[in-house]
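Down below is the structure, laid out as structure tokens.
The values are calculated or read from the model by the stated rules, or taken from the named source; none is laboratory data. As the structure is a computational prediction, the values presented were derived from the model and not from experiment. Glycine also receives a Cβ, built like all others from the backbone with ideal geometry; neighbour counts cover every protein chain displayed.
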């Protein structure tokens, strides 16, 4: 069995990934596939925290663009991440993986409030912790949530699982046939070249706290395990590229 490269990870899953081929809402078959991949990594003894987006249900930015108050639109997006997190929790527990959902906005009937020390204790007990509700503040993305939580829980790496690309490209490979894939980048290169891997706030947080980021495709079964055991798939982003 391959030896894991990391002890504690933050897995960032876009909300769109949970919709599968239907493009909206939650696809039970695909969320089961994600849970199966997470279980395979959990069985290696790795401590796993997950941040899930909400774009398959609602995007705050879209709401604000059609005239909604931006803060209200963003809070709706935070609630969407809670729905996704509960669905993922249910799927993981069907596999026998003990899981806790922690929300940055209190809703004690369905999840624990986010408490850093409690989250770290869950991880030490090999429970998967799903961070829902974003940062709890409008104007911040779930990418920023992933970077913030990774810094707070002292994670080794953020694994950014994508449903539409298998790494970071110089341009949109679907629109530009000349676009090429990067195998390694620095956060400064990402910011300077505007590569759009994650928003600038999240990139800066990762860079300042020296947290590596690996961007890869979640569409191929077993890719999460491949990443944590050192296979060179996707694109790795560090404070300084080597």
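Helices (runs of 4 or more DSSP H) fully within the range 103-200 that include at least 1 residues being over 21 Å from residue 53 (Cα atoms), in contact (Cβ under 8 Å) with a residue 24 or more places away in the chain and in contact with a strand residue (DSSP E or B) (Cβ under 9 Å, 6 or more places away or on another chain): 116-124, 187-193.
Specify which of the listed residues (76, 83) is under 18 Å from the mean Cα position of the chain (by Cα) and either crowded, with 23+ Cβ neighbours inside 10 Å or farther than 21 Å from residue 220 by Cα (or both). Explain how you work it out, then say what you get.
Values: 76 fails: under 18 Å from the mean Cα position of the chain (by Cα).
Step by step, each of 76, 83 is checked, and only 83 is under 18 Å from the mean Cα position of the chain (by Cα) and either crowded, with 23+ Cβ neighbours inside 10 Å or farther than 21 Å from residue 220 by Cα (or both).
Considering the range 212-238, the residues that are in a helix (DSSP H, G or I) and out of contact with any helix residue (DSSP H, G or I) (no Cβ under 8 Å at 6 or more places or on another chain) include one that is surrounded by the most Cβ atoms within 10 Å (Cβ to Cβ), namely 227.
Kindly evaluate residue 111 against the criterion of being touching a helix residue (DSSP H, G or I) at 6+ places or on another chain (Cβ under 8 Å), modelled with pLDDT of 95 or more and either closer than 18 Å to residue 19 by Cα or buried (at least 17 other Cβ atoms within 10 Å of the Cβ) (or both). Criteria met by residue 111. In this structure, does residue 96 turn out to be assigned to a loop (DSSP other than H, G, I, E, B), modelled with pLDDT of 95 or more and out of contact with any strand residue (DSSP E or B) (no Cβ under 7 Å at 6 or more places or on another chain)? Taking the combined requirement at face value, the residue satisfies it. Please indicate, with yes or no, whether at least one residue in the range 16-31 is surrounded by 15 or more Cβ atoms within 10 Å (Cβ to Cβ), in contact with a strand residue (DSSP E or B) (Cβ under 8 Å, 6 or more places away or on another chain) and closer than 19 Å to residue 213 by Cβ. Within the range 16-31 (the criterion being surrounded by 15 or more Cβ atoms within 10 Å (Cβ to Cβ), in contact with a strand residue (DSSP E or B) (Cβ under 8 Å, 6 or more places away or on another chain) and closer than 19 Å to residue 213 by Cβ), the answer is yes, since at least one residue qualifies.
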